[in-house]
Every structure is written in structure tokens, then in C-alpha cells.
There are 2 protein chains.
Amino acid sequence: MPMNPLANETCLRILDSESGTDFDPEPDPLARLDADGAAKAYHRGQEIYRPEDPAEYWYRILFGVARKCALLADGRRQIVDFLLPGDLFGFAARRKRHFGVEAAVDGTLVIRYPRRQVEILADSDNRVGRMIRNMAFEANARMQMRMLILGRMTAVEKVGCFLTEMADRSSEGPSAPILLQMSRYDIADYLALSIETVSRALSDLKRRGAITINRKRHVIIADRKALGGLVAVGT
Amino acid sequence: MPMNPLANETCLRILDSESGTDFDPEPDPLARLDADGAAKAYHRGQEIYRPEDPAEYWYRILFGVARKCALLADGRRQIVDFLLPGDLFGFAARRKRHFGVEAAVDGTLVIRYPRRQVEILADSDNRVGRMIRNMAFEANARMQMRMLILGRMTAVEKVGCFLTEMADRSSEGPSAPILLQMSRYDIADYLALSIETVSRALSDLKRRGAITINRKRHVIIADRKALGGLVAVGT
DNA sequence: CGATCGTTTGAGGTTCCTCAACAAGTGTGG
DNA sequence: CCACACTTGTTGAGGAACCTCAAACGATCG
């Protein structure tokens, strides 16, 4: 079945205790935390947390885009994940993180919860615990899909997967035109490509009629099948 | 600080509720499950579960090595993780998995727990829930490190990281000689390289004196610094 | 208007993959 | 015991994919 590995996975990243988890009536138990949360706006490039910061908070994007990234000493950068509205992030076992998170666009709005509060809530209400576990499992599955993309796909396939992922994660639905809020630099570091290759891949997809592009960051998927990197059965 | 990103992360993959997690006295609450578990031996290449199987069990490796992998329709394969003794795997939110797991060596011994039992235990004992959460967070951090390796490292760096990872995950300690139980094929698919490139990278490291190799699968790290891909601070 | 940033496109170079041959180890059957 | 097939791993030659360097373009902003 030809499908983008990340498609239809991402819509349920957070806040979706329904879908398949058994017996979980309450839509969002974590909402109870919002009273303890502090929201803050960030401009593009501003750090939300650093890898060396003690992991005393969990965060949730309310608006905008953030990037979770790792840096090598010689400047090589890998964006591990894009964080979109609704996404919860910042957990760490053992209080230590290994990645930094920065706003990828101006005006990114982030709410912050004290980790202790969340832990206490999780301990007192096992639906919360289960929800957090499932969230972590989902995140894991996504990361694993991304490893397949990073490791075994060509440049054009990577960009195709990226576009369908963004379409599927869009709040406006998977068929809406895609507004790429992040720069080509960010896309390149997300896909482990150079910006030039990203640009060429986009031009290539456009030439083939798989997408149309207006105003540089506005992409419409014309032929979804022409984009997806096919994921196979597991024999 | 020059360090292998995966080094010293992996020793605490499972069974380590101590280390940094706050207030968790019991060493392994999951051990209580062993009564419900069924152990089984697998030969090399035998499937432990398929991606399309309903996720009704969790598994733990007792002996041997397993590989979690994804397959593309045209034969491209990505090994997402190697599972070593002690590693717990097979969780999925929403009962659906996206990867298969197969034994990578003959005689791999795996114990299987009914998912319901684990869930019930997690709900009844919030130390278990916390432990599972932390496990998932650790797994996540590892996957993210692997993305950096897959995306932004050269072939030789990848192989170097792989060797130090295997050394650090070895039950015999990080300084013991490394017995590579998996084939070059598996290593290649783990690192997203071709087998030839893996072979050449190993020869290269040997030529430089970073490692010595006897009997093809027996590697001794001579100069650990010469292997590691340096992970940088997060600005 | 010039300056800057983000993006595209081209030319050339590097890394890694593919194809191929070969070597070493292992098991099988005569 | 050897011959043989088979698997696994190494090494070389050539080619493809992607990166680097460079130039140019458009948009935005002072």
C-alpha cells in the first residue's frame, strides 16, 4: 500500500486519548494543568530550552512552530522534530535532556508546566499516566518512521514525505494548501539534506506536476500518490 | 565534549529505575510479571512479531539479539533498533505497530507478557507507570540520537558510533572486547549504509589503529577517542 | 535606493552505492 | 579425506546521488 509513513500518524500526536486507547472517557485530563501553566511568546530562533537545562518543565505549543535539534561541534545540525500547536514536549527521564528546542517562527506561543505537577497528576490519576505513556509510544513510532526516511529514502522522496506530513499535521486538514512556516534551512536540517537539494527536489516535484508552488512557501499537493514513499509489509 | 551520542545512554535502557528517577525504591517492579510471561527461543531471521500483528503483548529479550526493522516495497530495509538482553519492546499506542521484530542470532530467547497484565499493573502501581514512562522517554532520546547519526554522520563516524554503542551496551562492560553478534548486513541496515561501506569503514578504522579485529566479528577498541562522533552543546 | 535575507539554479567535487571478483569459513555428500 | 556449494566478508573500479561553491534572483526593510 503506497502511503507516506508519517501520514495519518501525526494527527494524533497529542490530545487524542480517544482513537484507540481503551476506556479513556475524558478528552484531555492534562487540561487540568493549564491553571499551573505559564505561556510565553518566542521570536524566531529564540531558545525555549537548552539541552543542558535541567528538565524541570514540560511544554506545549499553542501557536507557531518550534524545532527540536541537535548540534555537532563542527556545525552540523539535525532537526529531530518539528513541534506544532498541540504538541507536548520536553520530557526526559533522569532530568537530563540531549536536545534544545527553539522557536522556528516569530510569535511561537508556548505554555510551560512544572514537571512535578504533571508527575503528581500522573500518579494520582492513572488515566493521565496511560495517556502520557501512549503519547510517548506514539512519539516513538514517529521517530522510528523518521529513521526510515532519513536512512533509506532519496532526496525527492524525503521532501515528498515531508510535504505530506505537513499536510496531515496541518490544523486545516490534509487536503488544504500547505503553508510552510519554516525556512528551507530548517527543512534541510529536518531531512538531513542541503538547502540546495531541498530546493531542487521541490522544483523537481513541481516540474513533474506533483505539487504547485506559489509565493515560495505556499505548496499545494496536486498528486499525493506521486509524493509518498511507499511503506511495505513486514515480511 | 567529544563523546559518542549513544555511549552511556544505553546501559540504562531498562531495569534501571534507580540512576536518576526520583524516589523509586523497588529495583524492578516489572519482575512481578514474569509469572505471567512465556519464554520462547527463536532462530536467526525468525519473526518475533510482525508489524500487522495486534499489539497484545510486550516482550523482553533474555538472551541473544533481535532487530526491529522497517521494510520498503522495493527491498530497502532500515533496522530501527537492536534489542539486547534486558530490553523491553513491543509497546504501541492504539494496538497498532509499524515495525516487525526478528531474531538476529540463533537461540534468541524472548519472554512475552500480556499487554493487559502490564497495563493493569501500571494502573495499580504508579511506580510501574512511572518506570514505563521513563523507559519510553529514554527510548525516545536514543531514537533521537540515532537520527543525528543517520542524518549527519559520515560512514566512518557511523561505524565508530556503532562500535562504542555496542561496547557500552555489552553486558561485559564498555572496555571488554566487542563480540559483534549480528552480520554485516544487519549493521549496514542499522546505519543506513551498504555492507561494502561498513566493511571499508571497519578496515579504515583498523588501518588507523582505532580498533583491532580478529576473527571478523571480534573487535577491540584501541582508541576510543578516534571513534566517537562529537556531540556538541546546544548553543 | 541599497542592503540583507531567503531561495533557486548551475558547475564541479566528494561520498557512498553498485557491480564484480575474490577470499575465508562452514556444512554436505561422496 | 576432498570436492562442492553456500554463506559471509573484503576489496577494487566505475557511476550515481548529493554536497559545496558560486552566482543570480526576488522579496522585504530600512
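The values are calculated or read from the model by the stated rules, or taken from the named source; none is laboratory data. Note that this is a predicted model, so its numbers are computed, not measured. Neighbour counts are summed over all protein chains in view; Cβ atoms, including those assigned to glycine, are modelled from backbone coordinates with ideal geometry.
Residues of the stretch B:107-117 include at least one that is within 15 Å of the chain's Cα centre (by Cα), away from chain A (no Cβ under 13 Å) and touching a residue at least 60 places away in the same chain (Cβ under 8 Å). Scan the stretch A:74-95 residue by residue and report those that are assigned to a loop (DSSP other than H, G, I, E, B) and more than 7 Å from chain B (Cβ to nearest Cβ). Within the stretch A:74-95, A:Asp74, A:Gly75, A:Leu84, A:Pro85, A:Gly86, A:Asp87, A:Gly90 qualify.
Taking the stated definitions as given, is B:Leu205 outside any loop (DSSP other than H, G, I, E, B) and under 30 Å from A:Ala188 (Cβ atoms)? So B:Leu205 fits the description; yes.
Total residues in the stretch A:175-213 satisfying the condition of being more than 15 Å from DNA strand D (Cβ to nearest atom) and on the phi > 0 side of the Ramachandran plot: the figure is 1.
Residues that are in a helix (DSSP H, G or I) and more than 9 Å from DNA strand C (Cβ to nearest atom) within the stretch A:189-199 comprise A:Asp189, A:Tyr190, A:Leu191, listed in sequence order. Of all residues in the stretch A:125-145, none satisfies being within 12 Å of DNA strand D (Cβ to nearest atom) and of a type outside the set (Phe, Trp, Tyr). Consider the stretch B:163-174 and keep the residues that are away from DNA strand D (no atom under 13 Å from the Cβ) and part of a helix (DSSP H, G or I). The one that is farthest from the other protein chains (Cβ to nearest Cβ) is B:Ala167.
The rows are residues; the columns are (1) in contact with a helix residue (DSSP H, G or I) (Cβ under 7 Å, 6 or more places away or on another chain); (2) within 15 Å of DNA strand C (Cβ to nearest atom).
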position	(1), (2)
B:Met147	yes, no
B:Ala155	yes, yes
B:Met166	no, no
B:Arg169	yes, no
B:Ile178	yes, no
B:Ala201	yes, yes
B:Ala210	yes, no
B:Ile220	no, no
B:Lys225	no, no
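Taking the conditions (1) within 25 Å of A:Pro54 (Cα to Cα); (2) in a helix (DSSP H, G or I) in turn, A:Val110 satisfies each one other than (2). Criterion applied to B:Gly173, B:Gly160 was being surrounded by fewer than 20 Cβ atoms within 10 Å (Cβ to Cβ), farther than 30 Å from A:Asn134 by Cβ and either out of contact with any helix residue (DSSP H, G or I) (no Cβ under 8 Å at 6 or more places or on another chain) or of a type outside the set (Ser, Thr, Tyr) (or both), and the one residue passing it is B:Gly173.
Okay, residues lined up against (1) modelled with pLDDT of 70 or more; (2) exposed (fewer than 14 other Cβ atoms within 10 Å of the Cβ):
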position	(1), (2)
B:Glu18	no, yes
B:Asp22	no, yes
B:Asp28	no, no
B:Ala38	yes, yes
B:Arg60	yes, no
B:Arg67	yes, no
B:Asp74	yes, yes
